[in-house]
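A quick write-up on the structure given underneath.
The values are calculated or read from the model by the stated rules, or taken from the named source; none is laboratory data. What you see is a predicted model; the values in this text were computed from it and never measured. Cβ placement follows ideal geometry from the backbone for every residue including glycine, while neighbour counts extend to all protein chains displayed. Accessible surface is based on the protein model in full, side chains and every heavy atom, while ligands, DNA and RNA are left aside. Shrake-Rupley method; radii C 1.70, N 1.55, O 1.52, S 1.80 Å.
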Amino acid sequence: MEAQGVLDGLRSRVLLPRRAGRAPRAFGWALPTAVLCGYGFFASLRPSEPFLTPYLLGPDKNLTETQVFNEIYPVWTYSYLVLLFPVFLATDYLRYKPVILLQGLSLIVTWFMLLYAEGLLAIQFLEFFYGLVTATEIAYYSYIYSVVDLTLYQKVTSYCRSATLVGFTVGSVSGQILVSVFDWPLFNLNVISLTAVSVAFAMAWFLPMPQKSLFFHHRQSSTQEERVDIVKVIKELWQDFLLCYSSRPLLCWSVWWALSTCGYFQVINYAQGLWEKVLPSQTSPIYNGGVEAVSTLLGAVAVFVVGYIKTSWATWGEIALAMFSLCIAAAVYIMDSVHNIWVCYASYIVFRIVYMLLITIATFQIATNLSVERYALVFGVNTFIALALQTLLTLIVVDAKGLGLDIFTQFMIYAGYFAAIAVVFFISGTCSIIRKSWKKERRNEATTDGA
C-alpha cells in the first residue's frame with residue numbers, strides 16, 4: 001500500500017523555480033520545512049506495513065486469501081480513484097494544512113482499525129480510509145511551495161523527500177529486526193505504527209497556515225478574504241490541459257507514465273500476497289521489511305544516477321521505455337513463475353529499481369518548460385488516468401465480482417501487460433526514428449539542390 005508514497009518521492013524533484021526571487025529570512029522557511037519534514041518522517045515510520053498481508057491472514061484477523069486479495073485490497077484502488085480529483089481541488093482551495101491534518105487523522109483511523117477492527121466489512125472500511133490517506137498525500141508534497149520563496153524550492157524539496165524516504169526505510173528495517181531478531185508479534189508492530197502516525201498528526205498542528213496556493217489563491221490574502229471563482233479556475237485548468245497535451249513528446253511520456261504506474265501499483269499492492277503463497281509466513285521466517293528497505297534505497301540511488309545520464313531522449317526515449325518496460329515484464333514473469341522466495345525478492349527489487357529510474361526520466365521530460373502550476377495539473381491528470389486503468393484492471397482481474405483470479409494468474413497478466421507496453425513503445429519509437437531520418441534526408445537533399 002506504499003505505492004503512492006514512492007511515486008510522490010520521485011515526482012517533485014523537478015518542481016524547480018522558473019523565475020528568481022528574493023529569499024526570505026532563515027526562520028521564514030526553516031520552521032515550516034522542519035515541521036513538515038518531521039510530519040513526513042513519522043507519517044512514513046510504519047514498521048508494520050511490509051507485513052500487512054501476513055497480519056491480515058494470520059490469527060489476529062483470521063481472514064481468508066480470497067477475502068484479502070479479492071474483496072479487501074480492491075477497495076483501496078476504488079477509494080483512491082473516487083477521492084483523487086475532489087481532494088486535488090480541496091487541497092488547493094483549503095490551502096493545504098487542513099488536508100494534511102485530514103491525512104494525519106486518516107492514518108490514525110487506519111491503524112487503529114488495523115489493531116481493533118474485526119470482520120470483512122470493517123477491514124474494507126479501513127481500506128477506504130487508507131485510500132483517503134494516499135489521495136491526501138498531494139497536500140504534503142504541495143504545502144511547502146506555498147510558504148517558501150521560489151529560490152528555495154530545490155532545497156526544501158530535497159529535505160521533504162528525504163524525510164519520507166528515511167522514515168519509510170527506518171520503519172521497514174526496524175520492523176524486520178523486531179520480527180526476525182526479537183520475534184515480536186505483528187500486532188505490536190501496528191502499535192508502533194499507530195504511535196508514529198499519532199506523533200505526525202500532533203506535529204501537523206504546528207504547521208503555519210499558508211496564505212496562498214497554486215490555483216485558487218494566487219496572491220497573499222489580505223484582511224478582506226479573497227473571493228474565488230471556482231468555475232473560472234476549472235475553465236483555466238481545462239485550457240491548460242488542452243495546451244499541455246497538444247505536445248506529442250509530453251503526450252508520449254504521459255501515456256507511458258499512466259500505463260506503467262497502473263501496472264506498478266498492481267504489482268506492489270499484491271506482491272506480499274504472492275510472497276505469502278510462495279512461502280507462508282505462518283510456517284517460515286519472512287523478510288518483507290528488509291526487501292522493501294533495500295529496494296527503496298537502491299531505487300533512490302538509481303534516481304540519483306539518472307540525473308547524470310546524457311542521451312538524446314527526444315530521439316531514443318521511446319525505445320528506452322520499450323527496452324526497460326520489457327525488463328520490468330521479465331522481472332514480474334520471473335517473480336510469478338519461479339516459486340522461490342529469494343528469486344521473488346530479487347525480482348521485486350529489480351522491478352522497483354527499473355520503474356523508479358524510468359518514472360524519474362519521464363518526470364524530467366514532462367516537466368521541461370512547464371510551470372509549477374501546469375506540472376501539477378499534468379501530474380494530477382496522469383495519476384487519475386493511471387488509477388482509472390488500475391480500477392478497470394482490478395475490477396476485471398482481482399475483484400471477486402469480476403474474474404477473481406488467483407494471485408499467480410494475476411501476476412502472469414501483469415507481466416503480459418508490461419510486455420504489451422514494451423511492444424507499443426518499440427513500434428512507436430521505431431516509427432518516430434524512421435520519420436526523423438526521412439525528414440533529415442529531405443533537408444539534406446533540399447540543401448544540396450539549393451547549392
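Protection proxy ranking for 269-275, 293-299, using the average of other Cβ atoms within 10 Å per residue and placing the highest first: 269-275, 293-299.
Two numbers describe the Cα atoms of the stretch 42-81: Rg and Dmax, which are 11.7, 32 Å.
Quote the Stokes-Einstein diffusion coefficient, in whole µm² s⁻¹, for the stretch 313-394, based on the Kirkwood radius over alpha carbon pairs, a temperature of 37 °C and a viscosity of 0.692 mPa s.
Once the numbers are plugged in, D ends up at 224 µm²/s.
The local environment of ALA117, defined by Cβ-Cβ distances under 14 Å, has a net charge of -2 under the rule Lys, Arg +1 and Asp, Glu -1. Once you order the gyration tensor axes a ≥ b ≥ c over the Cα atoms, which shape class does the stretch 74-177 get: rounded for a/c under 1.5, otherwise prolate or oblate by comparing a/b with b/c? Since a/c reaches 1.5 but b/c is at least a/b, the shape of the stretch 74-177 is classed as oblate. Compute the Cα gyration tensor for the stretch 132-182, then decide on rounded, prolate or oblate, letting a ≥ b ≥ c be the square roots of its eigenvalues: rounded whenever a/c is under 1.5, prolate when a/b is larger than b/c in the other cases, and oblate in all that remain. Since a/c reaches 1.5 but b/c is at least a/b, the shape of the stretch 132-182 is classed as oblate.
Excluding ligands, DNA and RNA, the accessible surface per residue across the chain is 44 Å² with a 1.4 Å probe. Largest first, the extents of the alpha carbon coordinates of the stretch 137-222 on the three principal axes equal 56, 24, 18 Å. Ranked from largest, the principal axis spans of the Cα set of the chain equal 82, 60, 38 Å. Solvent-accessible surface (1.4 Å probe) assigned to LYS212 amounts to roughly 70 Å². Solvent-accessible area of TRP238, all protein chains in place: 140 Å² (probe radius 1.4 Å, heavy atoms, ligands and nucleic acids excluded).
What order do you get for 394-406, 124-136, 414-426 when each peptide is scored by the mean count of other beta carbon atoms within 10 Å, highest first? Don't jump to the answer; show the numbers that get you there.
Working: 394-406: 17.2, 124-136: 22.5, 414-426: 19.5.
Answer by packing, highest mean first, reads 124-136, 414-426, 394-406.
For the stretch 151-208, applying the loop criterion from DSSP together with a ceiling of 16 other beta carbons within 10 Å to the chymotrypsin sites (Phe, Trp or Tyr not before Pro) yields PHE182, TRP205, PHE206.
Sorting the segments 248-261, 345-358 by their mean number of nearby beta carbons within 10 angstrom, highest to lowest, gives 345-358, 248-261. Per residue, the chain reaches -25000 deg cm²/dmol at 222 nm when only DSSP H runs of four or more residues are counted, each adding -39500 (n - 2.57). When the P(r) of the stretch 242-299 is calculated, the portion above 13 Å amounts to 73% of the C-alpha pairs.
Between TRP342 and SER162, the FRET efficiency from the beta-carbon distance, with R0 = 35 Å, is close to 0.70. Taking 27 Å as the limit for the C-alpha separation, the pairs LYS235/LYS436; LYS97/LYS155; LYS212/LYS232; LYS61/LYS277 exceed it in the case of LYS235/LYS436.
Measuring only protein heavy atoms, the 1.4 Å probe finds SER172 accessible over about 0 Å². Per atom type, the chain shows carbon and sulfur on 68% of its accessible surface, probed at 1.4 Å.
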